[in-house]
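The values are calculated or read from the model by the stated rules, or taken from the named source; none is laboratory data. No experiment lies behind these values; they were computed from the predicted model shown. Glycine also receives a Cβ, built like all others from the backbone with ideal geometry; neighbour counts cover every protein chain displayed. In case anyone asks, the SASA skips ligands and DNA or RNA and just uses the protein heavy atoms, side chains included. Shrake-Rupley method; radii C 1.70, N 1.55, O 1.52, S 1.80 Å.
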Amino acid sequence: MPIFQIERVEKTRFARVKNKKERRTLLMAIYHFEAKVISRGKGQSAIASASYRSGEKLYSERYNKFNFYGRSVAPKTFILKPSNAPDWTLNRQKLWNEVEKIEKSINAQLARDFILALPSELNEEEQEELLLNYCQENFVNHGMVADIAIHRDKDGNPHAHIMTTNRPFKENGDWELVKKKFITMMKRQ
């Protein structure tokens, strides 16, 4: 017979966990993590994806058009890069246009896209610190650039969108080939 009974608390991101043995109830945050690929083969664009996540108006050199998705609450955005990546990678529009150029195939995988819920038990500063440390350890330290947008437009649902480059940078700042090691590592997480 299970000692825990779990039920979702309606209209929240919490679950009520009842411990029958200790006769106490806890509220626990519901964890959410999603990983996808942004792919030209699915009709997606790295520029359009970055524009949607960041809330910025970005110009696509490949498609010769601006992308803009207005938001009622502006996302808080960051770009983290490895030390050997060129400084232009800190410019969102330049970064994703360069990705569109380097990935030439008609069905190219342009970027990785991660969505994760931020613990509402933490304040905004703690959420940001947790998120930036996670991105540094899991993406940037492996040579990827991480484009991060925190969305707080819905009460009780703070979450982050993280777009990462598929290719790391060489020591000289040039793009490297896509590393199967990194892709395999991401599948395991």
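Could you check region 128-144 and list, in sequence order, the residues that are closer than 20 Å to residue 158 by Cα and more than 14 Å from the chain's Cα centre (by Cα)?
129
Please work out which residue is most open to solvent (accessible area, probe 1.4 Å), limiting yourself to region 48-90 and to residues that are touching a residue at least 24 places away in the same chain (Cβ under 8 Å) and in a helix (DSSP H, G or I).
Residue satisfying both the conditions and the ranking: 53.
Can you tell me which residue within region 112-129, out of those that are in contact with a strand residue (DSSP E or B) (Cβ under 9 Å, 6 or more places away or on another chain) and among the acidic types (Asp, Glu), is least open to solvent (accessible area, probe 1.4 Å)?
It comes out as 113.
I'm trying to understand the selection: among the residues of region 118-130, which are among the polar types (S, T, N, Q) and free of Cβ contacts under 8 Å to residues at least 12 places away in the same chain?
Across region 118-130, the qualifying residue is only 123.
For region 131-162, give me the residue count where each residue is open to solvent by less than 20 Å² (accessible area, probe 1.4 Å) and either part of a loop (DSSP other than H, G, I, E, B) or touching a residue at least 40 places away in the same chain (Cβ under 8 Å) (or both). Even if it seems obvious, please write down each step before you answer.
Step one: filter region 131-162 for residues open to solvent by less than 20 Å² (accessible area, probe 1.4 Å), giving 131, 135, 139-140, 143-151, 158, 160-162.
Imposing the further condition that a residue be either part of a loop (DSSP other than H, G, I, E, B) or touching a residue at least 40 places away in the same chain (Cβ under 8 Å) (or both) reduces the set to 135, 139-140, 143-151, 158, 160-162.
Selection size over region 131-162: 16.
List the pairs whose first member sits in region 105-117 and is without any contact (Cβ under 8 Å) to a residue 24 or more places away in the chain, whose second member is surrounded by 18 or more Cβ atoms within 10 Å (Cβ to Cβ) and part of a strand (DSSP E or B), and whose Cβ atoms are under 7 Å apart, counting only residues at least 6 apart or on separate chains?
none
Would you please name the residue that is farthest from residue 143 (Cα to Cα), looking only at residues in region 31-47 that are open to solvent by 30 Å² or more (accessible area, probe 1.4 Å) and of a type in the set (Gly, Ala, Ser)?
To start, the set of residues in region 31-47 that are open to solvent by 30 Å² or more (accessible area, probe 1.4 Å) comprises 31-37, 41-44.
From what's left, of a type in the set (Gly, Ala, Ser): 35, 41, 43.
On the way: 35: 18, 41: 25, 43: 27 Å.
Top of the filtered list is 43.
Could you list, in sequence order, all residues of region 97-111 that are open to solvent by less than 40 Å² (accessible area, probe 1.4 Å) and either of a type in the set (A, V, I, L, M, F, W, C) or closer than 15 Å to residue 76 by Cα (or both)?
Selection gives 99, 108, 110, 111.
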